[in-house]
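The structure appears right after this line, and notes come after that.
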Amino acid sequence: MKRASLLVSLLLVASAQAALAASAPPPAPLLTFVERDIDGDSHDVTPGAATVDINSTIGITIDRAVLAARLGGASGSETAALVADYVTLQNGITELTRALSQPAADKTGSLRARAGLILLNYATSAPKDAAPTARPNRFRAALDRALDSAAGQSTAAQFSALQQAGHEEIDRLQQELNAALAKEGVRLMLGAWLGASAGTQPVHLPGFDSYADQTRYEVERFRLVFTDEQRQQYQNAATAAKMINAGGGAAVAQAVVLDLAARSFPETLKALQALRQDCDNLVAAAEKAAPPLAAEVKVVAVDLGQQAKWLEATITSLADTAKTNPAGLPAAATAAVREATTRLAAVEKEVDGLRKDLTSAVAALQTPAREVLDAAAALKRAVDAEASTVWGEITAGSVVANLNAATLEFGDKVKRFELADLPATSQLDLELTGPRADGDEVVIKLGVQKGTASPNQDVEIEQLRLRRMLVHVETSAGLVFANRPRQPSDTGGKTPFQAAPAYSAFLKKGWRGCAFWNNVLNPGLGISVAALDFNLDGVPEVGIGAALSIVRDWLQGGIGYNVAARRWYGFVGVGLPLPTFGMTTTSNTSAGK
Amino acid sequence: MEFRKTKVLPLDTPADARRIFHEMVNDEPFVLFVVVGAGSAAEALVSKAGKFAGQDTEPRWVIWARSVEDIASEIRGLAEASPGFIDQILGGKAAAFTTSIGDDIRDVILTTEDADNVRVVQAFLRAEA
């Protein structure tokens, strides 16, 4: 199933990130891969986000020096020291071999000198009191004998002697390392899995397991067959075209967008609905509490106003009494104070009642308010998770983009090897892994187990994206918008466009090393056959066009020829997944308006 | 004892010894293995170094400076890849040292070291690296 929510800006950022990631220097690979495609061409597979053709055979080579270095970190100290010596010598030999094979690049001899020093520095690294049998001393003695044989000869002969002695010592160290790792119970496994939309299954790696090969299955390159899903897509497009031509473009667009959202963000939509419900609950709770409270506040406010007016009038009255009848002031004041005390007690009671009612109202709102906050948090989580999923699908162009290789377990049929017995190479014939689809993934893992009771550890994981890299045909179905000639029933001055369902077939080719090309741009060149109706008589007319497609056929465009109407037309098209429209379709008599 | 590609500095004319050393170090594009001191051990080392000096067309050469005092002033004028090399040479602790084509001292073999084939070739390579 293709998921579809896509923003151009996201794509640009994704491609920029991929470019940045690609610029980082790769670590020394433990596993190297060479792809041999069905045309017989070989391609080095770049570690990391590698892409291979879906029908190729993958040659796998294990670098023992790198493996030894990795195992050293997981072993006991004595074995780790042995591994360190092994890695040093292997590095020296590798560098020396490289320098000696490029004399033109090493005219001063400094490269071979630096490489040779790796060996000589190791040979002279033992402490003074070390036994003659210490590994560096043993190598020094062997090296001394080798140099004796080159004495009086050219420096090239001396380097050759160094190289020979280094190889012999590495062989000795390899045997010692094998024995040490076997003693520690270290076992190695190499496994492969095919991750497809239907699930993840282990696949056979010759020499490394006893899984059976699947029936040979080649993903055909030039097969012009439309799937049931594409035929359904065509039917949906036909219905959508009728709706659009009848003026229902907005409804179609809305249905497409909702369908896309439902496909891409199902949990987000659920969370959004829950949040909306919780907000409604909160509003209802507030409305339930608010009217009585508002009335109560109003009563208290009015009452307070009346008391304030009485107090003002009383004070004025007392002032007049003081001027006109000073002798009567004490009695008037006493009466006023008594009355004020009574009034204030009533006011205090009213305000206290209002306070209590407000407190209980806030308590009643706490639960729905908490539910709203929880729903908002759930919405954020859903958006984050599904946006990440969609992002992965966009950048990887596959529904198995999130295959978690670390969780894949080596089955009982995967053989456990001691280092000495570990095969150095294997061939993974993808055609023997069973049915596959563009965007599926193969995971190859090298694991180590130390003792039978300890869990397996992943030493190296490589994930290969399967693409149809060689020239091939891809089919699709969708909507096209063709500019048709004006008809007497047309109104307005605009060029009429007509929506129509169309089948398309595109020639495509992958680009190794360019994820943006394979996963996002995915261009194609081919033909489009549309069911047009230029004369609006309800009888389909066949239009055949040359088309260019991009973004996995989501966007198409080209020039076509209406065979029945004998007219050329231009068109653009969309290959987005269309929902099944449930409404009754209308006739095509007002198309293009 | 066979000496290959070796210049033995004269003992009786220090000035000539200095001149020859100066020319070998400064005027020629050589990688030099300079054995210092007299005696059979030094002589054996000169012979051994000569065996690893390569063919005539290659830049490795050996100098035997039986009297290091004669060339002390020249040695003091050289750059040293590691501080203390010159002091070791002039302090009598060195059996030999090597210089690069760029005329800096790259390695010193101490008198306490085992100057076997490996150590001699290592000194040459340090001068070439």
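The values are calculated or read from the model by the stated rules, or taken from the named source; none is laboratory data. A quick note: this is a predicted structure, and the numbers were derived from the prediction, not measured. Cβ atoms come from the backbone with ideal geometry, glycine included; neighbour counts cover every protein chain shown.
Figures for the structure shown
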{"item": "Identity of the residue in the range A:357-380, of a type in the set (D, E, K, R) and modelled with pLDDT under 85, that ends up farthest from the chain's Cα centre (by Cα)", "result": "A:357"}
{"item": "Residue match in the range A:123-133 (condition: away from chain B (no Cβ under 14 Å) and either without any contact (Cβ under 8 Å) to a residue 40 or more places away in the chain or under 40 Å from the mean Cα position of the chain (by Cα) (or both))", "result": "yes"}
{"item": "Failed condition for residue A:131, given (1) in a loop (DSSP other than H, G, I, E, B); (2) among the aliphatic types (A, V, I, L, M); (3) under 13 Å from residue B:118 (Cα atoms)", "result": "(3)"}
{"item": "Output for the range B:92-108, where each listed residue is touching a Leu at 6+ places or on another chain (Cβ under 7 Å), free of Cβ contacts under 8 Å to residues at least 60 places away in the same chain and under 18 Å from residue A:114 (Cα atoms)", "result": "B:104, B:105"}
{"item": "The range A:508-520, subset without any contact (Cβ under 8 Å) to a residue 60 or more places away in the chain and out of contact with any Phe, Trp or Tyr (no Cβ under 9 Å at 6 or more places or on another chain), residue nearest to residue A:561 (Cα to Cα)", "result": "A:508"}
{"item": "Pair list, Cβ < 6 Å and 6+ apart or interchain, from the range A:263-280 residues that are within 15 Å of residue A:388 (Cα to Cα) to residues that are not in a helix (DSSP H, G or I)", "result": "A:263/A:3; A:264/A:3; A:264/A:5"}
{"item": "Checklist (1) modelled with pLDDT of 95 or more; (2) within 14 Å of chain A (Cβ to nearest Cβ) applied to residue B:34, failing item", "result": "(2)"}
{"item": "Top-ranked residue in the range B:6-42 [being among the hydroxyl-bearing types (Ser, Thr, Tyr) and out of contact with any strand residue (DSSP E or B) (no Cβ under 8 Å at 6 or more places or on another chain); ranked as nearest to residue B:102 (Cα to Cα)]", "result": "B:13"}
{"item": "Close pairs from the range A:147-159: first without any contact (Cβ under 8 Å) to a residue 24 or more places away in the chain, partner assigned to a helix (DSSP H, G or I) and of a type in the set (Asp, Glu), Cβ under 8 Å, at least 6 apart", "result": "none"}
{"item": "Hits in the range B:1-24 (condition: away from chain A (no Cβ under 14 Å) and of a type in the set (Lys, Arg))", "result": "B:7, B:18, B:19"}
{"item": "Within the range A:134-158, considering residues that are aliphatic (A, V, I, L, M) and part of a loop (DSSP other than H, G, I, E, B), the one farthest from the other protein chains (Cβ to nearest Cβ)", "result": "A:134"}
{"item": "Breaking point among (1) more than 23 Å from residue B:55 (Cα to Cα); (2) at pLDDT 95 or above, for residue A:146", "result": "(1)"}
{"item": "Qualifying residue in the range A:166-182 (condition: within 14 Å of chain B (Cβ to nearest Cβ), surrounded by 18 or more Cβ atoms within 10 Å (Cβ to Cβ) and modelled with pLDDT of 90 or more)", "result": "yes"}
{"item": "Flag if residue A:256 is under 30 Å from residue A:62 (Cα atoms), buried (at least 16 other Cβ atoms within 10 Å of the Cβ), under 29 Å from the mean Cα position of the chain (by Cα) and not charged (D, E, K, R)", "result": "no"}
{"item": "The range B:46-57, residues that are at the interface with chain A (Cβ under 9 Å from one of its Cβ atoms), out of contact with any helix residue (DSSP H, G or I) (no Cβ under 6 Å at 6 or more places or on another chain) and either among the acidic types (Asp, Glu) or buried (at least 19 other Cβ atoms within 10 Å of the Cβ) (or both)", "result": "B:50, B:51, B:53"}
{"item": "The listed residue being assigned to a loop (DSSP other than H, G, I, E, B) and modelled with pLDDT of 90 or more, out of A:207, A:247, A:195, A:191", "result": "A:207"}
{"item": "Lone unmet requirement of (1) buried (at least 16 other Cβ atoms within 10 Å of the Cβ); (2) outside any strand (DSSP E or B); (3) among the basic types (Lys, Arg); (4) modelled with pLDDT of 95 or more for residue B:19", "result": "(1)"}
{"item": "Residue that is nearest to the other protein chains (Cβ to nearest Cβ) [pool: residues in the range B:99-123 that are over 27 Å from residue A:129 (Cβ atoms) and not in a loop (DSSP other than H, G, I, E, B)]", "result": "B:106"}
